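Input: a single structure, listed below in structure tokens.
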Amino acid sequence: MFFREKRVGDRNYLQIVENQWQEGRSRQRVIATVGRVDTLRASGQLDALLASGARFSEAALIITAHARGEAPRIRSWRAGPTLVFERLWEETGIGPVLRSLLAAREFLFPVERAVFLTVLHRLMKPGSDRAADKWRADYSLNGSCSLDLHHLYRAMAWLGDEMGNDEQTGRTPFAPRCTKDVIEEKLFLQRRDLFTSLDLVFFDTTSIYFEGQGGETLGRYGKSKDHRPDERQMVVGLVLDGNGQPVCCEMWPGNTSDVKTLIPIVERMQSRFSIGRVCVVADRGMISKETIETLESSDRRWLFILGARMRAQKEVRDEVLGRGGGRYREVRPPRKTSKDPAPLEVREVRVQGRRYIICYNEERAKKDRADRKAIVVALRKQLHQGNKSLVGNKGYRKFLKSRGDAFRIDRDKIREEARYDGKYVLRTNTDLPAAEVALRYKQLWMVETLFRSGKSLLETRPIFHRRDETIRGHVFCSFLALILRKELQDRLAKKGHGDLEWEDVIRDLDALTVTEVEHQGKRFLLRSEARSACGKAFQAAGVAMPPTLEAHPELSK
């Protein structure tokens, strides 16, 4: 039964209505018309009616008493994140794998709980382990009451602890095998079946800078992707499988260039995950003449799809893009709605047996032309303000050439840049159709998107650790957080909620609170209202929403 407001003429009446199932459909039946809404409100009769009915509902009485301050709050905590991510922690196998590895160790504190606390903190409010220790006061995590800050540090050290000399098979020249590697391998084997393979892998890197020294070997000066060449940094590599699932993460000193990492990583993956032939998809930052020669060597013959540097590589610039003729083949048509995939056309070019795929996006080409035109228009205006202001602007400097002590617009450079509008070039040794090569490469954006959207998970600054093993463990917790994030996003997509923004999911989960109140000598747990994304996340994770009100479980036994 429920109240319904019905308008008759210029007056509104309040009715009590119930639903009945009749002849295969739901029908409403008016039980009583209570009176005019304005009269009931003015006389206070509506409030009296609701208060009188509430006497027969303990839940309504307690909620009302709490709202009036008559049911004092004992304590409260945020419940949404722990309930949802605890379930995923178990079902992805992370919790069981950690406990199995810890079974033979004699730690005097719950290491698995310390790791879960750190990972949950990365998902909700990324930061240092010191911040995680303070943050947990607002949450209820089973088995974490005995944890102190030094326990979190010891847990990080265990994750990044170097394995013994007899267990270093497959290590890279840049990093030893650690506990975290064993965890990654066990997680992969746990989800592997007849249909799971690593015949297609996506690889990309990012950098994380330190405010301090960055450990004994990890913190080094190098080419900074964070535009902080003044700080020591480390390089973090991420490998995804063909379905976009995180497989492993790698960590190297900050002075390790991308082109040096690809070969060791693929070789290490073959030994770690027992894979045979593999097709590597990587960005142009990984490509070099030596890298490709190694990939194609007779003892490897690995397949690859690599981005090519259009401007820097002479063969690509002059031969591949310089050849006329050849028609583009449409892979994806122009968009009809904003949710449609971007348009894509491809054309294949071979240079002395080397296979290239030119990919063209008309939508991107229009943007490139518009951006360049805007720069040139602004550049003409700026030419009257002096040379210094022009040279200091990277966008302007690109289209300038000197004339004595002054500068003028380089029209040849403008025409040259127009050749690249909307294009990118791929180098591959696969037999896949050109369209398939382009689509596989576009999947690499899964890694880039994961890095971009989960950048805060990977940055995790400030990092206070001074030892390599604790730094590795600290960053590995961000990798575990990415696994949980991807799992929840996949489950939301299967439920038809793939368009939910991650920030909305986290915010609504964090807003779900449970409050312990006392009323008439009894204690109860009162849950707050669940926001939209919170309810969907609970449903996707397969977790039951706590009841709005329940007796305190410990006091009701």
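Computed from the coordinates by the stated procedures, all read-outs in this text should not be read as laboratory data. The structure presented is a predicted model; accordingly, all values stated were derived computationally and were not measured. Cβ placement follows ideal geometry from the backbone for every residue including glycine, while neighbour counts extend to all protein chains displayed.
Key figures for this structure:
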quantity	calculated
Neighbour net charge for A114 - beta-carbon separation under 12 angstrom, K R +1, D E -1	-1
Unsatisfied cross-links (Cα-Cα over 29 Å) in the set K339/K367; K6/K494; K180/K289; K314/K336; K314/K366	K6/K494; K180/K289; K314/K336
Computed lengthening from Q22 to T217, 0.36 nm per intervening residue step minus Cα-Cα distance	62.6 nm
Within-12-Å neighbourhood charge of E86 [Cβ basis; K, R +1; D, E -1]	-1
Nonlocal amide H pairs with G254, under 5 Å, H built at 1.01 Å	R220, Q233, V235
Sequence ranges 147-160, 351-364, ranked by mean other-Cβ count within 10 angstrom, highest first	147-160, 351-364
Full-extension gain in nm, E319 to T513, via 0.36 nm per residue minus C-alpha separation	63.5 nm
Full-extension gain in nm, Q539 to T294, via 0.36 nm per residue minus C-alpha separation	83.4 nm
Within region 528-550: backbone nitrogen closer than 12 Å to the S76 label point (7 Å, Cα to C-beta)	528-529
Formal net charge of residues neighbouring D368 (Cβ-Cβ distance under 12 Å; K, R +1; D, E -1)	+3
